[in-house]
Amino acid sequence: MKKKPLTVVVYGKGGVGKSTMCAHLAVSFAREGRKVLLLGCDPKADTSLRLMGGRRPPTIVDMVTGLEGRDFRDLVMTGRPGLDVLETGGPSPGQGCGGRSVATLCQYLEDHARELSGYDTLVFDVLGDLVCGGFVAPLRFGLGRDVYIVSSEERASLFAANNIVRVASAPYHEGVFVGGIIFNLRQNDAPPGRLEAFAARLGVNITAVIPRDPDILESEERGLTVFEHAPKGKAAALFRALAAAIAGRKGAVPGASARAMPADEFAEFARGRPIWKGTF
């Protein structure tokens, strides 16, 4: 029997570094010899732009509006270093729903199962605004299995992470695992005990802690990954280790085992007063 593909769905609040993580994960997997399809579910398309030298790829929205054909190879583009990219795109501001575009992408993938079967690794880069049900389409359609949450130590980001756990643990998303939280730090002196307590309360693993690093910032300004900009640096090593942990599904727990905080408990946590036993 053919081995199940690795299907990674990365969520996080806008601006938290989710697309940075996805770009580096996709490149790491491709460098290891995997056949990778990166699925951009963020209308900004910032993940694929970095991997395609700034070229804007065609999108599912282009297909729907008649600007592109329906053939799989009309929409899939190849970026560095040989991985494939398929972008959702999105409506003009104020003129549509980004979540509906993601659902359209997932329906398209269902209709092209033969082409999709040629990949052993799928990486979904999805907006963390889970108020709109369209953004959970990769889970609802059964296309994504392992959910990873990108968060910083900031309150708004942790709030989004808590909501993502709530969605991933919904009983109607069968077969979904929460792989863990990736903490992308804003300040390198963020108290580790607080982040550890947050993850422990949710019942999920901390997959990686990525400190703020000049190599990452400089590579983003140049439209590169750290593998091209500073391949021997600490950041490159961290991203390689992160990809290895995800490929090995280290610490992944069934979605039903994760436990989001109710609103009042999260408010207490955000004020620095944890109300559960056994934390800092």
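Remarks
- Looking across segment 117-142, the residues that are in contact with a helix residue (DSSP H, G or I) (Cβ under 6 Å, 6 or more places away or on another chain), among the hydrophobic types (A, V, I, L, M, F, W, C) and more than 28 Å from residue 191 (Cα to Cα) come down to 123, 124, 132, 135, 136, 137, 141.
- Figure legend. Inter-residue proximity from segment 106-120: first residues among the β-branched types (Val, Ile, Thr), second residues surrounded by 12 or more Cβ atoms within 10 Å (Cβ to Cβ), beta-carbon distance below 8 Å, spacing 6+ or different chains. No pairs are indicated.
- The set of residues from segment 217-231 being within 25 Å of residue 249 (Cα to Cα) and either without any contact (Cβ under 8 Å) to a residue 24 or more places away in the chain or hydrophobic (A, V, I, L, M, F, W, C) (or both) comprises 226, 227, 231.
- Condition met for residue 175 (touching a residue at least 24 places away in the same chain (Cβ under 8 Å) and in contact with a strand residue (DSSP E or B) (Cβ under 6 Å, 6 or more places away or on another chain)): no
- Helices (runs of 4 or more DSSP H) within segment 110-198 that include 2 or more residues buried (at least 19 other Cβ atoms within 10 Å of the Cβ): 137-140, 155-168
- Per-region count, segment 83-101, residues within 25 Å of residue 50 (Cβ to Cβ), outside any loop (DSSP other than H, G, I, E, B) and modelled with pLDDT under 90: 3
- Qualifying residue in segment 10-18 (condition: in a helix (DSSP H, G or I), within 18 Å of residue 149 (Cα to Cα), modelled with pLDDT of 85 or more and not small (Gly, Ala, Ser)): yes
- Unique residue being surrounded by fewer than 14 Cβ atoms within 10 Å (Cβ to Cβ), in a loop (DSSP other than H, G, I, E, B), at positive phi and out of contact with any Cys (no Cβ under 8 Å at 6 or more places or on another chain) when the list is 272, 251, 223: 272
- Criterion (modelled with pLDDT of 95 or more, more than 23 Å from residue 154 (Cβ to Cβ) and touching a strand residue (DSSP E or B) at 6+ places or on another chain (Cβ under 8 Å)) met by exactly one of 247, 235: 247
- Taken together, the residues in segment 54-68 that are surrounded by 15 or more Cβ atoms within 10 Å (Cβ to Cβ) and either over 18 Å from residue 124 (Cα atoms) or among the aromatic types (Phe, Trp, Tyr) (or both) amount to 4.
- When the residues of segment 254-267 are filtered to those that are touching a residue at least 24 places away in the same chain (Cβ under 8 Å) and assigned to a helix (DSSP H, G or I), the one that is surrounded by the fewest Cβ atoms within 10 Å (Cβ to Cβ) is 257.
- When the criteria are applied in full, residue 51 meets the requirement of being closer than 12 Å to residue 225 by Cβ, buried (at least 23 other Cβ atoms within 10 Å of the Cβ), in contact with a Gly (Cβ under 7 Å, 6 or more places away or on another chain) and not hydroxyl-bearing (Ser, Thr, Tyr).
- Matching residues in segment 24-48 - criterion: being surrounded by 20 or more Cβ atoms within 10 Å (Cβ to Cβ), part of a helix (DSSP H, G or I) and either of a type in the set (Lys, Arg) or at pLDDT 95 or above (or both): 24, 25, 26, 27, 28, 29, 30
- Looking only at segment 199-216, residues that are more than 19 Å from the chain's Cα centre (by Cα), over 21 Å from residue 263 (Cα atoms) and assigned to a helix (DSSP H, G or I) come to 2 in all.
- Residue match in segment 52-64 (condition: modelled with pLDDT of 95 or more and among the basic types (Lys, Arg)): no
The values are calculated or read from the model by the stated rules, or taken from the named source; none is laboratory data. As the structure is a computational prediction, the values presented were derived from the model and not from experiment. A quick note on method: Cβ atoms are made from the backbone with ideal geometry, for glycine too, and the neighbour counts reach across all protein chains shown.
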